[in-house]
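The structure appears below as structure tokens.
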Amino acid sequence: MGLSDVEAGFRNAAGIETVIGVLRQRFGDRLQTGEALRAQHAHTTTYLPAQSPDAVAFPESADEIKMIVRACAAHKVPVIPFGAGSSLEGHVNAPHGGISIDMARMNRVLEVNAEDLDCTVEPGVTREQLNSDLRDTGLFFPIDPGANASIGGMTATRASGTNAVRYGTMRDNVIAVTAVTASGEEIRTARRARKSSAGYDLTRLFVGSEGTLGVLTSVTLRLQGIPQAISGGVCPFPSVEAACNAVIMTIQMGIPVARIELLDALQMKACNAYSGLSYPESPTLFLEFHGTDAGVAEQAGLFSEIASECGGGEFQWTAEAEHRTGCGKPDTMHTGRHCSFVRAPRVSPQMSACRFRGLPNASPRPRPISSPPDLIAPIVGHAGDGNFHVLVLIDTGDPAEIAAAEDFVGRLNERALAMDGTCTGEHGIGQGKRPYLSLEMGEGVAVMRQIKQGA
Ligand SMILES: Cc1cc2nc3c(=O)[nH]c(=O)nc-3n(C[C@H](O)[C@H](O)[C@H](O)COP(=O)(O)OP(=O)(O)OC[C@H]3O[C@@H](n4cnc5c(N)ncnc54)[C@H](O)[C@@H]3O)c2cc1C
């Protein structure tokens, strides 16, 4: 289907029916058309309305993906790759119907090259599965978007998360991909070489392409050695600005912090209420340091000095794992940050849904933008890389609240772009951020269209 058809809202009912018939012969039970399963493949986690695909296919190999793509291309039927469905901008919706390609059965770790610090996986491998497989090698894959997302989905959305400040994003950690393009051919974007200057950087083009240029069939990733010691700490501040100043000084001093997460006072209140914690309900930084025993102690000491210079309260830190991480343990230092997405709605139980919006890099320093007084909107930020999220809690049955949230998000994005930031520091464009892509990229969008049309 061409872009113009898609934009005109074209739904090719006859083509869809034909493709389902063709695929059913090849896939049998691995092609499902039940309503509940289709709905599950269109959930958006936000107020965006769900738009189900017509069928869900469960391929087990690149050859099967080629077959699906060729059948769909022949009959002008959309395909929507599906990883773990944790994206937040309506990415897996099927506005024109079509076939959802669920990667759950393509979940093998294909090779681990421990000496080269890389591995190649099928796209359905999840982040937690990969790290569990790698445990005995002393290596780990550092990108952590919070959700147990698939590596294919993380690549397609150029995901990052809590420790991007130390390890980068998917852009920095994907070495190569293989992908089935719209013509049904499988291409490989690069070799395993750590560096190469061979031609256009097709790998970077696919990282963040959100399924528009092809279906990823494997991803080669950089790995890291598991640090000898990890310490974590938490520190309250009198204001968001004071916390941001501490972040800026920490980064400017070159302290190699692995995570530095900001929760505002409202978010801290939500975490305390949900988890029975008793943290001060003021803006708070959660930190993690990776290194040797001596190294993490030194980093924590340096941060402690910075925090006190910026007016922060006592910096409590520990290197003991059981006190540092893991959801659901009330005494856990990072429980608050890790579970903030599920905890936020508890602040206001009458609100039925929340909306998790990537707030832009408000360069030169992270700075919050107030929401109108009638919206409840706690903030969670990956402060180390200047990116933070506002969770606008709205009743999705109330059009006035949706309109107020839309207005707020619009102003937020415009302000970020005015500061030379971005409308989406992570999470990608999907459906939710489409109106802002042109604002941010201008004529660049026309080039993206040409690339898409040629893919
Ligand atoms: C609680 C929570 C916290 C989150 N925090 C963060 C965060 O800190 N940072 C962050 O970056 N994200 C975050 N996210 C968003 C989400 O986890 C990421 O966008 C993630 O990368 C999506 O991966 P997925 O496997 O769920 O992909 P899906 O949601 O299944 O798909 C996402 C997109 O990728 C495409 N896609 C999936 N698989 C393939 C494939 N094999 N080939 C081609 N295209 C494919 C889909 O078509 C879709 O466009 C969070 C989500 C939740 C629910």
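Note on region 177-262: enclosed strands (runs of 3 or more DSSP E) holding 1 or more residues that are of a type in the set (S, T, Y) and either open to solvent by less than 40 Å² (accessible area, probe 1.4 Å) or in contact (Cβ under 8 Å) with a residue 24 or more places away in the chain (or both) are 215-222, 229-236. Taking residues in region 30-54 that are over 14 Å from I99 (Cβ atoms), and partners anywhere that are modelled with pLDDT of 95 or more and surrounded by fewer than 16 Cβ atoms within 10 Å (Cβ to Cβ), the pairs with Cβ atoms closer than 9 Å and at least 6 places apart or on different chains are A50/A39. Among the numbered conditions (1) in a loop (DSSP other than H, G, I, E, B); (2) away from the ligand (no atom under 16 Å from the Cβ); (3) open to solvent by 40 Å² or more (accessible area, probe 1.4 Å), the only one that L277 does not meet is (3).
Check K66, K76 and return the single one that is under 18 Å from L31 (Cα atoms) and basic (K, R).
Details: K76 fails: under 18 Å from L31 (Cα atoms).
None of the other options fit; the residue is K66.
Criterion first (open to solvent by less than 30 Å² (accessible area, probe 1.4 Å), more than 14 Å from the chain's Cα centre (by Cα) and either modelled with pLDDT of 95 or more or more than 12 Å from the ligand (Cβ to nearest atom) (or both)) does I151 satisfy it? Spelling it out, it is not the case that I151 is open to solvent by less than 30 Å² (accessible area, probe 1.4 Å), more than 14 Å from the chain's Cα centre (by Cα) and either modelled with pLDDT of 95 or more or more than 12 Å from the ligand (Cβ to nearest atom) (or both). Between T137, T162, T126, T157, the distinction of being surrounded by 20 or more Cβ atoms within 10 Å (Cβ to Cβ), farther than 24 Å from E60 by Cα and hydroxyl-bearing (S, T, Y) belongs to T162 only. Just give me the residues in region 85-108 being open to solvent by 40 Å² or more (accessible area, probe 1.4 Å) and over 20 Å from the mean Cα position of the chain (by Cα), in sequence order. Of everything in region 85-108, those that are open to solvent by 40 Å² or more (accessible area, probe 1.4 Å) and over 20 Å from the mean Cα position of the chain (by Cα) turn out to be P95, R105, R108. Restricting G124, G138 to those that are touching a residue at least 40 places away in the same chain (Cβ under 8 Å), small (G, A, S) and over 22 Å from H427 (Cα atoms) reduces the list to G138.
Look at E185 and say whether it is among the charged types (D, E, K, R) and within 21 Å of F388 (Cα to Cα). Can you show your working first?
Values: among the charged types (D, E, K, R): yes; within 21 Å of F388 (Cα to Cα): no.
No; evaluated as a whole, the condition is false for this residue.
Among the residues of this structure, T189 does not count as one that is among the polar types (S, T, N, Q) and closer than 30 Å to A383 by Cα.
Looking across region 122-148 at every residue that is of a type in the set (V, I, T) and closer than 20 Å to A190 by Cβ, the one that is nearest to the ligand (Cβ to nearest atom) is identified as I143.
Between a residue in region 104-118 that is farther than 14 Å from L221 by Cα and in contact (Cβ under 8 Å) with a residue 40 or more places away in the chain and any residue that is more than 13 Å from the ligand (Cβ to nearest atom) and open to solvent by 50 Å² or more (accessible area, probe 1.4 Å), which pairs come within a Cβ distance under 9 Å, given they are 6 or more apart or on different chains? As it stands, the answer is R105/E60; M106/E60, since those pairs meet every condition given.
Matching residues to (1) within 9 Å of the ligand (Cβ to nearest atom); (2) part of a helix (DSSP H, G or I); (3) at pLDDT below 95:
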site: N107; (1), (2), (3): no, no, no
site: E115; (1), (2), (3): no, yes, no
site: T120; (1), (2), (3): no, no, no
site: T155; (1), (2), (3): yes, yes, no
site: S160; (1), (2), (3): yes, no, yes
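Only residues that are outside any loop (DSSP other than H, G, I, E, B), closer than 22 Å to A229 by Cβ and among the acidic types (D, E) were counted across region 129-153, and they come to 1. So which residues in region 41-95 are near the ligand (Cβ under 9 Å from one of its atoms), within 30 Å of I394 (Cβ to Cβ) and either among the hydrophobic types (A, V, I, L, M, F, W, C) or assigned to a helix (DSSP H, G or I) (or both), if there are any at all? Listed by number, the residues that qualify are I80, F82, A84, L88, V92.
The values are calculated or read from the model by the stated rules, or taken from the named source; none is laboratory data. Worth saying up front: this structure is predicted, and the values here are computed from it rather than measured. Cβ coordinates were reconstructed from backbone atoms using ideal geometry, including for glycine residues, and neighbour counts include every protein chain displayed. Ligands, DNA and RNA are stripped out before the accessible areas are found, and what is left, the full protein with its side chains, is counted by its heavy atoms. Shrake-Rupley method; radii C 1.70, N 1.55, O 1.52, S 1.80 Å.
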